[in-house]
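What follows is a single structure, written as structure tokens, with notes after it.
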Amino acid sequence: MILTSFIFFLLVFVAIGVLSIFSAKKTSKDYLLAGQNTKPWLAALSAIATNNSGYMFVGQIGFTYAFGLHSIWLGIGWIAGDFLTSLFVHKRLRQQSEKNKSFSFAGTLAQWQGTDFKYVRVIGGLITLAFLGTYAAAQLNAGSKALHVLFDWDYSIGAIIGAIIVLTYCFAGGIRASIWTDAAQSFVMIFAMALLLIIAVMEIGGLSAFGSGLYDVSDIYMNLFPTDQPGGAYLGPLLFVAGWFFAGVGVIGQPHIMVRFMAMDDADQMRRARVYYYGWYILFYAMTIAVALAARLLLPDTNGFDAELALPTLAGQLLPEIFVGLILAALFAATTSTADSQILSCTSSITQDLLPSRFSGYLANKISTLLVTAIALAIALLGSESVFSLVIIAWSALGSAFAPLLILFALRQPVRESVAILMMTGGLATTILWRFAGLNEYMYEIAPGILAGFFIYLLAKLFRLNTITPSSVTES
């Protein structure tokens, strides 16, 4: 019954994406930006589903299950940083994309100031391709984990099915197919998480038993701040929270999320989109944390248990089979539609940024999509990293490379191309070196990466290496 339910609901999600073929036009703008006619609520719910797919269902729940209440700071810091930058970045990014007729994230940055920074475009395209390809592989990996725990299928089967669905979405309606399925998944995600939470609390014995049971897990499980964080009793937690605040700032450096706002029909409706986005985000995140904590009480044997399998395992034990199939289908569809949008961002990097004069057009977009999907599938099949680790690495790299530059552009600060390149590469290099040195135990590596980008900009201003007059900057 679970398998039948899973197949049925998964086909429903796939059908929603495939139906976008009737609205699709055979143009690059439609394939990559849905013709820039997406309604605010659709853009917002799609951004939520894309932001929270495999990471939230698998990685975040696994992290909370293993380490306890202090994982809430991942969400609090993340949402705070995300909200702050949304106040002045999202609308101007949408305006610049339309003004310069740019269909890619890196291309929009390259043309922001009224000139085409070709090296910014190429380097930005390469960074997008490298790290979003890895990110997409993490999504395929997340979906395959869920199928493995419930059906005992080999991990490769879920990844291959996910890749096939990705190509189906892309070839049917491009980014529009992803946006439509994301919106449907957002409703299912909220419903499924609420249902699982209610039944889990009832199974535990009510809210009182739920609360007291959590304090019995260990002496530190319900501590509000991490007690074993390097850096001391006060500095350690501060660095932990600050790191996740910068993770939220790094949202604007994620092409597959920001393309949702670039695809909106009206930049002046960004405030309405923000209400949908953060209202849904806060509600879903709170329920995710609660479900993870409940899973720790109902699945207490952690020896040899993969924490990232907590959600599908709990669903399999508590819910009627038809709802288990629904949750699994929603999880799997969410990971594939996120992978879809990430692969489409990689496609835009190839056709719009790296090879725009030699390999562009609607057919070239589809060929690029096929190539990137094959590479992401290979990474998913051969990689051994956890979903959480893959997402965290890719997120920090993209955020460090793009967020500082985008913030300066949105604040109308002029930046020379040479300085922009140094900011992108310097931030990325700092992130990689920070992690390689093991300093991510003190603070999530995206924080020093973003700060390094701003530091490079300040040095350039101090030594007059950023000599460009504000009058040469196109106002947004």
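For the range 38-61, a residue qualifies if it is at pLDDT below 85 and small (G, A, S), and the qualifying residues are A49, S53, G54, G59. Can you find even one residue in the range 295-306 that is closer than 20 Å to S389 by Cα, crowded, with 24+ Cβ neighbours inside 10 Å and of a type in the set (A, V, I, L, M, F, W, C)? Taking every residue of the range 295-306 in turn, none turns out to be closer than 20 Å to S389 by Cα, crowded, with 24+ Cβ neighbours inside 10 Å and of a type in the set (A, V, I, L, M, F, W, C). Exactly one residue out of A273, A247 is touching a residue at least 24 places away in the same chain (Cβ under 8 Å), closer than 25 Å to L126 by Cα, buried (at least 22 other Cβ atoms within 10 Å of the Cβ) and not polar (S, T, N, Q): that is A247.
For every residue, the table says whether it meets (1) crowded, with 24+ Cβ neighbours inside 10 Å; (2) part of a helix (DSSP H, G or I); (3) small (G, A, S); (4) at pLDDT below 95.
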position	(1), (2), (3), (4)
L377	no, yes, no, yes
A394	no, yes, yes, yes
S400	yes, yes, yes, no
A403	yes, yes, yes, no
Y444	yes, no, no, yes
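On the given criteria, is R94 assigned to a helix (DSSP H, G or I) and touching a strand residue (DSSP E or B) at 6+ places or on another chain (Cβ under 7 Å)? Yes; evaluated as a whole, the condition is true for this residue. The helices (runs of 4 or more DSSP H) falling completely within the range 127-237 that include 3 or more residues that are touching a residue at least 60 places away in the same chain (Cβ under 8 Å) and of a type in the set (A, V, I, L, M) map to 155-173, 175-204. Of all residues in the range 289-313, those satisfying the criterion of being within 24 Å of the chain's Cα centre (by Cα) and at pLDDT below 90 are D306, A307, E308, L309, A310, L311, P312, T313.
Applying the set (1) outside any helix (DSSP H, G or I); (2) buried (at least 24 other Cβ atoms within 10 Å of the Cβ) to A47 leaves exactly one unmet item: (1).
You will find that of A295, A329, A273, A290, the residue that is of a type outside the set (S, T, Y) and touching a strand residue (DSSP E or B) at 6+ places or on another chain (Cβ under 8 Å) is A273 and no other. Part of a helix (DSSP H, G or I) and crowded, with 20+ Cβ neighbours inside 10 Å, is that true of I282? Considered against the rule, which asks whether it is part of a helix (DSSP H, G or I) and crowded, with 20+ Cβ neighbours inside 10 Å, I282 comes out as no.
If only one of I7, I61, I21, I16 is closer than 29 Å to T302 by Cα and assigned to a helix (DSSP H, G or I), which one is it? Sole residue among the options that is closer than 29 Å to T302 by Cα and assigned to a helix (DSSP H, G or I): I61. In the set L309, L381, L326, which member is more than 27 Å from Y119 (Cα to Cα), surrounded by fewer than 19 Cβ atoms within 10 Å (Cβ to Cβ) and either touching a Leu at 6+ places or on another chain (Cβ under 6 Å) or not acidic (D, E) (or both)? So the residue among L309, L381, L326 that is more than 27 Å from Y119 (Cα to Cα), surrounded by fewer than 19 Cβ atoms within 10 Å (Cβ to Cβ) and either touching a Leu at 6+ places or on another chain (Cβ under 6 Å) or not acidic (D, E) (or both) is L381. If the condition is being buried (at least 17 other Cβ atoms within 10 Å of the Cβ), aliphatic (A, V, I, L, M) and either more than 29 Å from D268 (Cβ to Cβ) or free of Cβ contacts under 8 Å to residues at least 24 places away in the same chain (or both), then the range 13-43 contributes V14, V18. For the range 446-464, the tally of residues that are crowded, with 20+ Cβ neighbours inside 10 Å and either under 23 Å from R92 (Cβ atoms) or over 26 Å from the mean Cα position of the chain (by Cα) (or both) stands at 6.
The values are calculated or read from the model by the stated rules, or taken from the named source; none is laboratory data. Source: prediction; values computed, not measured. Backbone-built Cβ (ideal geometry, glycine too); neighbour counts: all protein chains shown.
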